[in-house]
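K.L.:
This structure is in structure tokens; I'll ask about it shortly.
The values are calculated or read from the model by the stated rules, or taken from the named source; none is laboratory data. All values derive from a computational prediction rather than experimental measurement. All Cβ positions, glycine included, derive from the backbone under ideal geometry; neighbour counts span all protein chains shown.
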Amino acid sequence: GAAQASAPNRLPFATISREDLAFFEQLLPGRAITDPEVLEPSNVDWLQSVRGSSELLLRPRTTEEVSHILRYCNERKLAVTPQGGNTGLVGGSVPVFDEIILSTALMNQVLSFDSVSGTITCQAGCVLENLSSFVEERDFIMPLDLGAKGSCHIGGNVATNAGGLRLLRYGSLRGTVLGMEVVLANGKVLNCLTGLRKDNTGYDLKQLFIGSEGTLGVITAVSILCPRKPKAVNLAFLGCSSFEQLLEVFQCCRGMLGEILSAFEFLDSACMKLVEDHLRLTNPIKESSFYIVIETAGSNAAHDEEKLHSFLEEVMTSSLVTDGTVATEEIKIKALWAIRERITEALRHDGYTYKYDISLPVEKIYQLVEDMREHVGSRAKNVVGYGHLGDGNLHLNITSPFYDAALLSAIEPFIYEWTANHRGSISAEHGLGLKKKNYIHFSKAPEVVLLMGYIKAILDPKGILNPYKTLPDTCP
Ligand code: FAD
Ligand code: MLT
Ligand code: ZN
């Protein structure tokens, strides 16, 4: 695919010399990779929409090694792109030019687990799904879950402040990350690895690194507060004939399910068609305009089922819902979740994907999809809407058989202007990365962007950490 984001010119960073290579090879024997074939997947993003040309991939195992790498790179003015599972969707996780890739793939150790508080402390490169299994064996769950769980790293999750499917219930990582260890651009290690729930001793610096997308430091370890594993989980997969009815179901659901509601997700009929066509998944209910995935998680199966059933009775008898199915067994729950979780994958099979991740007042979110359909007309192959309805987070995706610059200029800035006019955010959970950084002004005031630039300059004065990302090319 062609590069979607126009890359600026390469900044005057150093290029890797023979001495540099010798240094890294000595520091990380066998883990300073220059083989182009091994480097290839790290140079291309998950969407295969942006590509860098790095010639060096470093795989440290310890915080100390990360510290040595950054101290050296900072002195030599070598640019570095931190990389976790490379599942990021805004082109932030791959180099733009020849930045060195610093991968957390080998930093995958759990450091400790406190079974009283449910706090897990681990290295940044632990794969989310592995952490989930680890804590589930101890009767806890991770406070976040996303479709990329099999490959994303917890450090990448924290660096992007990933939202996902459980945010509605357990809140954002800003609340559940209790501690963090981070290596600054100059190699200094900042140890904020406390496992305390409360700590108001001055500025909460770890918050700066949550959602900083590798531009302020390399996260090497985190402490995360895990909820207890629910004893009962139920899933309802429902169909609705209009978005207005879907909103009514949402309100009814919040009222009737209350504290046991753990997810409220939606997809439109175009998404259902994509997962049917490209992934051969089957629609478990009658064809509808909209589908809802409702999950409940609680401590008493009988109590939860009773609540769920009276809710279902209410929405069925009032005809808000046209059809539905309920699952209580894990295997069926997983199969139903797959329909929602694998839309991203289905889209990748549909062609080039123009991906948007918008926060809006919940009652507005589908209007944007309809306006976009009308706006781009037949130039698009598909215009689909899905997302974390309970969080007011719409994923609006558009596909075309190949990258089409004319289509892109029909979509942008239209979508950003629409979002700003409705006081939304142009990135709800994916971040800005390379693709969205120059649209930051649609969601943040000039003085805020200016202050971001000052913070970047203090923490990374030479700008070696993930250059060309997150901050706009021109500061206000
Ligand atoms: P990467 O993609 O490797 O990196 C992402 C960014 O973080 C880059 O800017 C990188 O430089 C930086 N970074 C990575 N590790 C570190 C570190 N240790 N220190 C400092 N910076 C670092 N996102 C959501 O929010 N919600 C979802 O529901 C969701 N679902 C997804 C489903 C699929 C199928 C896919 C492919 C992606 C999804 N994403 C979602 C996006 C993506 O998974 C998340 O952004 C994820 O948190 C990225 O983790 P990663 O380890 O892959 O990071
Ligand atoms: C999701 O909610 O499925 C993810 O954020 C990925 C996507 O937006 O496609
Ligand atoms: Zn999402």
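K.L.:
Go through region 146-164 and report how many residues are near ligand 1 (Cβ under 6 Å from one of its atoms) and not in a helix (DSSP H, G or I).
P.N.:
8
K.L.:
Quick one: which of SER242, SER212, SER223 is surrounded by 24 or more Cβ atoms within 10 Å (Cβ to Cβ), more than 18 Å from the chain's Cα centre (by Cα) and either within 27 Å of PRO361 (Cβ to Cβ) or touching a residue at least 60 places away in the same chain (Cβ under 8 Å) (or both)?
P.N.:
Unique residue meeting the criteria: SER223.
K.L.:
Right, here's the next one. Where the second residue is of a type in the set (Asp, Glu) and more than 15 Å from ligand 1 (Cβ to nearest atom) and the first is under 21 Å from TYR354 (Cβ atoms) and at pLDDT 95 or above and lies in region 382-393, which pairs have Cβ atoms under 8 Å and are six or more apart or on separate chains?
P.N.:
Close Cβ pairs (under 8 Å, with a partner that is of a type in the set (Asp, Glu) and more than 15 Å from ligand 1 (Cβ to nearest atom)) amount to VAL384/ASP268; GLY385/ASP268; TYR386/ASP268.
K.L.:
Okay, next question. Given the condition within 16 Å of ligand 1 (Cβ to nearest atom), more than 26 Å from ASP473 (Cα to Cα) and out of contact with any Leu (no Cβ under 7 Å at 6 or more places or on another chain), answer yes or no: does some residue in region 410-432 qualify?
P.N.:
Within region 410-432 (the criterion being within 16 Å of ligand 1 (Cβ to nearest atom), more than 26 Å from ASP473 (Cα to Cα) and out of contact with any Leu (no Cβ under 7 Å at 6 or more places or on another chain)), the answer is no, since none of the residues qualifies.
K.L.:
Among what's in region 13-22 and is over 14 Å from VAL80 (Cβ atoms) and either in contact (Cβ under 8 Å) with a residue 12 or more places away in the chain or acidic (Asp, Glu) (or both), pick the residue that is surrounded by the most Cβ atoms within 10 Å (Cβ to Cβ).
P.N.:
Here the residue is LEU21.
K.L.:
Would you pick out the residues in region 163-182 that are under 25 Å from ASN234 (Cβ atoms) and either crowded, with 23+ Cβ neighbours inside 10 Å or within 16 Å of ligand 3 (Cβ to nearest atom) (or both)?
P.N.:
Selection gives GLY163, GLY164, LEU165, ARG166, LEU167, LEU168, ARG169, TYR170, GLY171, SER172.
K.L.:
So which of ARG197, ARG169, ARG138 is basic (Lys, Arg) and part of a helix (DSSP H, G or I)?
P.N.:
Exactly one residue qualifies, and that residue is ARG169.
K.L.:
Give all pairs with beta carbons closer than 9 Å in which a residue from region 30-42 that is touching a residue at least 24 places away in the same chain (Cβ under 8 Å) and of a type in the set (Lys, Arg) meets a residue that is in a helix (DSSP H, G or I) and surrounded by 10 or more Cβ atoms within 10 Å (Cβ to Cβ); count only pairs at least 6 apart in sequence or on separate chains.
P.N.:
Cβ pairs passing all conditions: ARG31/PHE24; ARG31/GLU25; ARG31/GLU65.
K.L.:
Additional query: Do we have ASN161 as within 15 Å of ligand 2 (Cβ to nearest atom), touching a residue at least 24 places away in the same chain (Cβ under 8 Å), touching a Lys or Arg at 6+ places or on another chain (Cβ under 7 Å) and of a type outside the set (Lys, Arg) here?
P.N.:
Working: within 15 Å of ligand 2 (Cβ to nearest atom): yes; touching a residue at least 24 places away in the same chain (Cβ under 8 Å): yes; touching a Lys or Arg at 6+ places or on another chain (Cβ under 7 Å): yes; of a type outside the set (Lys, Arg): yes.
Yes, satisfied.
K.L.:
Can I ask one more? In this structure, does ILE331 turn out to be within 30 Å of ASP139 (Cα to Cα) and either basic (Lys, Arg) or more than 16 Å from ligand 2 (Cβ to nearest atom) (or both)?
P.N.:
Yes.
K.L.:
If we keep just the residues of region 26-51 that are surrounded by fewer than 14 Cβ atoms within 10 Å (Cβ to Cβ) and either small (Gly, Ala, Ser) or not in a loop (DSSP other than H, G, I, E, B) (or both), which is farthest from the chain's Cα centre (by Cα)?
P.N.:
For region 26-51, the residue satisfying everything is GLN26.
K.L.:
While we're here: Yes or no: region 171-186 includes at least one residue that is closer than 30 Å to ARG342 by Cβ, more than 14 Å from ligand 1 (Cβ to nearest atom), at pLDDT 95 or above and not β-branched (Val, Ile, Thr).
P.N.:
Looking through region 171-186, at least one residue is closer than 30 Å to ARG342 by Cβ, more than 14 Å from ligand 1 (Cβ to nearest atom), at pLDDT 95 or above and not β-branched (Val, Ile, Thr).
K.L.:
Something else: Could you tell me whether any residue of region 301-323 is over 18 Å from ARG280 (Cβ atoms) and touching a Phe, Trp or Tyr at 6+ places or on another chain (Cβ under 8 Å)?
P.N.:
Within region 301-323 (the criterion being over 18 Å from ARG280 (Cβ atoms) and touching a Phe, Trp or Tyr at 6+ places or on another chain (Cβ under 8 Å)), the answer is no, since none of the residues qualifies.
K.L.:
Are any residues in region 35-49 β-branched (Val, Ile, Thr) and within 16 Å of ligand 3 (Cβ to nearest atom), and if so, which ones?
P.N.:
Result: no residue meets the conditions.
K.L.:
In region 95-127, which residues are outside any strand (DSSP E or B), closer than 27 Å to ILE16 by Cα and touching a Lys or Arg at 6+ places or on another chain (Cβ under 7 Å)?
P.N.:
Scanning region 95-127 gives PHE97, ALA105, LEU106, MET107.
K.L.:
Looking only at helices (runs of 4 or more DSSP H) that fall completely inside region 248-363, which ones have 2 or more residues that are more than 16 Å from ligand 1 (Cβ to nearest atom), surrounded by 15 or more Cβ atoms within 10 Å (Cβ to Cβ) and touching a residue at least 60 places away in the same chain (Cβ under 8 Å)?
P.N.:
Working: elements: 269-279, 301-317, 330-341, 343-350.
By residue number, 269-279, 301-317, 330-341.
K.L.:
Still on this structure, I have one more. Out of all the residues in region 315-353, which are closer than 27 Å to GLY255 by Cα, within 16 Å of ligand 3 (Cβ to nearest atom) and not aromatic (Phe, Trp, Tyr)?
P.N.:
ALA338, ILE339, ARG340, GLU341
K.L.:
Those residues that are basic (Lys, Arg), closer than 18 Å to GLN123 by Cα and more than 24 Å from the chain's Cα centre (by Cα), I need them from region 175-209; list them, please. Steps first, answer last, please.
P.N.:
Going residue by residue through region 175-209, those that are basic (Lys, Arg) are 188, 197-198, 206.
Filter once more, keeping what is closer than 18 Å to GLN123 by Cα: 188, 206.
Listed by number, the list holds a single entry, LYS188.
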